Each structure stands twice: as structure tokens, then as C-alpha cells.
1. So how exposed is residue 81, as accessible area in Å² (1.4 Å probe, rounded to 10)?
2. Using 0.36 nm times the number of residues separating residue 66 and residue 35, minus their current alpha carbon distance, what extension gain do you get?
3. Apply the Karplus curve 6.51 cos²θ - 1.76 cosθ + 1.60, θ = phi - 60°, to the phi angles in the stretch 50-55 and return the couplings in whole Hz, x for Gly and Pro.
4. Which order do 46, 51, 25 take by accessible area at a 1.4 Å probe, largest first?
5. Under a 5 Å amide H to amide H cut-off, with H placed in plane at 1.01 Å, what residues pair with residue 28 once short-range neighbours are removed?
Amino acid sequence: MKKILSLLLVTVLLLGTASAFAAQKVGVAMPTNSLQRWNQDGANMKAQLEKAGYEVDLQYANNDVATQVSQLENMILGGAEVLVIASID
């Protein structure tokens, strides 16, 4: 429940500053796509951010910490200005 509230809070904060960051890239890192919950959270987050004008890089790490760290590094190198992380660990 805390994670859902945290994700929602981050979404609200991002959407509230949409005019300041319009058309910037946002990286969204989810732990796994093997659970319906993370698929829904990822899809909803992506839809809301795109609606607000962001370019979204959504990735799932299959519950592997090293994979998620690598994905985050690649998001930063790829130009992500903001990261939303549902961490595995």
C-alpha cells in the first residue's frame, strides 16, 4: 500500500510541474512484469505522463537488482531528466 501511495504521490508531483518539464523524458523503472499489479501501475504511470506531455521510457527488471540498476543508468544516459523507481530492493 505504501508503494502505491508513493507512486501516486510522485505522479501527482510530476503532473503538477508538467508545464515546467513539458516534452522532457521520464524513466519509469518497475520491478517485474510477471505480476499484474506492476503491469497496471506501469501502464497507468506511462499513460498519465504521456498525457501530460512527457516522453516515457518504461522498463521492467524481472526482479533482478543488477538489471534494474543497469536500466536506470541507461535511462540517464538516454536523456531521462526524471526517474520514477519502484525499487526491487
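The values are calculated or read from the model by the stated rules, or taken from the named source; none is laboratory data. Everything numeric here is computed off the predicted structure, so don't read it as measured data. All accessible areas refer to the heavy atoms of the entire protein, side chains included, with ligands and DNA or RNA removed. Shrake-Rupley method; radii C 1.70, N 1.55, O 1.52, S 1.80 Å.
1. Counting only protein heavy atoms, residue 81 exposes about 120 Å² to solvent.
2. The span from residue 66 to residue 35 would gain 9.2 nm if fully extended.
3. Running phi through 6.51 cos²θ - 1.76 cosθ + 1.60 with θ = phi - 60° gives 5, 4, 7, x, 8, 8 Hz.
4. Order by accessible area, largest first: 51, 46, 25.
5. Hits under the 5 Å cutoff: 57, 58, 59, 84.
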